[in-house]
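Down below is the structure, laid out as structure tokens.
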Amino acid sequence: MVKIAYISLRREVEAMLRPLGLTHTQWSTLGILYHFPGLTNADLETILHIERPSVTSLINGMERKGWVTRKANPKDARSKLIYLTESGKALAESTMHFGRLVDQKVLRGFTEEEKLLLRKLLEKLIRETGAEP
């Protein structure tokens with residue numbers, strides 16, 4: 001049931017992102033880099049739970065679109081630090097409310113008590129699986 005709910009929520013978000021030419025993973029990455037600038041590819045692998053080649057392809061594509069830039073890492077010459085460009089920041093700011101809109105849409109039939117219970121159950125699921133929120 002959790003997987004079905006996840007797929008349904010993801011489809012809602014993707015429908016909002018599609019007209020902007022954004023994928024769900026690109027949108028997630030914009031949000032992550034907006035709040036935590038200067039991450040490495042390895043950091044993004046861990047946070048996004050995707051493999052190195054996928055992160056490299058993701059960042060290459062976002063760089064081509066002008067959303068991110070890579071800078072030298074003063075602590076490790078082998079890696080680069082990834083930052084949003086002004087265009088990337090603007091896109092992140094204009095889309096970060098999409099998650100809240102989807103939450104509002106799918107939870108509109110829930111009572112406040114049901115919303116609170118759902119939140120507590122999801123938090124427990126996250127803790128029990130060792131996943132990061």
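Using a 10 Å cut-off around each Cβ, can you sort Ile50, Ile59, Ile4, Ile126 from fewest to most neighbouring Cβ atoms?
Ordered by Cβ neighbours within 10 Å, fewest first: Ile4, Ile126, Ile50, Ile59.
Under 5 Å between amide H atoms, partner at least 5 residues away or on a different chain: which partners does Ser79 have, H built in plane at 1.01 Å?
Sorted by chain and number, the residues that satisfy this are Asn73.
Among the aspartates and glutamates, which have Cα under 12 Å from the Cα of Lys105 when same-chain residues fewer than 8 positions away are ignored?
Glu12
Sequence-distant or interchain residues sharing an amide H contact under 5 Å with Leu39, placed H: which?
Amide H neighbours of Leu39: Ile82.
What dipole magnitude, in Debye to the nearest 20, does the stretch 32-133 give about its Cα centre under +1 on Lys/Arg Cβ and -1 on Asp/Glu Cβ?
My answer is approximately 280 debye.
For the stretch 18-133, divide the Cα radius of gyration by the Kirkwood radius and give the resulting Rg/Rh value with two decimals.
That ratio is 1.05, to two decimals.
Taking the mean number of other Cβ atoms within 10 Å as a proxy for protection, how do you rank 76-83, 103-110 from highest to lowest?
Averaged packing, sorted descending, gives the order 76-83, 103-110.
If each residue of separation counts as 0.36 nm, what is the full-extension length gain between Lys75 and Thr46 once their alpha-carbon separation is subtracted?
Stretched fully, the Lys75-Thr46 segment lengthens by 8.5 nm.
Compute the acute angle (0 to 90°) between the alpha-carbon long axis of helix 2-17 and the principal axis of greatest extent of the alpha-carbon atoms of the chain; round to the nearest 10°.
The answer is roughly 60 degrees.
Angle check, please: helix 86-95 long axis (alpha carbons) against the longest principal axis of the chain (alpha carbons), in degrees 0 to 90, nearest 10.
0
As a check on your grasp of the helix formula, calculate [θ] at 222 nm for the chain: sum -39500 (n - 2.57) over DSSP H runs of n ≥ 4, divide by the residue count, round to the nearest 500.
Computed ellipticity for the chain at 222 nm equals -20000 deg cm²/dmol.
On a full-extension model of 0.36 nm per residue, what is the gain between Ala90 and Arg119, subtracting their alpha-carbon distance, rounded to one decimal in nm?
Length difference between fully extended and current span is 7.4 nm.
What are the ³J(HN,Hα) couplings of the stretch 22-29, residue after residue, when phi is run through the Karplus curve with 6.51, -1.76, 1.60 and θ = phi - 60°? Round to Hz, x for glycine and proline.
For the stretch 22-29, the Karplus-derived couplings read 10, 8, 4, 5, 4, 4, 4, 5 Hz, x marking Gly and Pro.
Given the Cα-Cα distance of Tyr34 and Lys105 and 0.36 nm per residue of separation, how much length would full extension add, in nm?
23.1 nm is the gain from fully extending Tyr34 to Lys105.
Coordinate-derived values only; no laboratory data. Keep in mind that what you see is a predicted model, and the values were worked out from it rather than measured. Don't worry about glycine lacking a Cβ; one is built from the backbone with ideal geometry, like all the others, and counts go over all protein chains shown.
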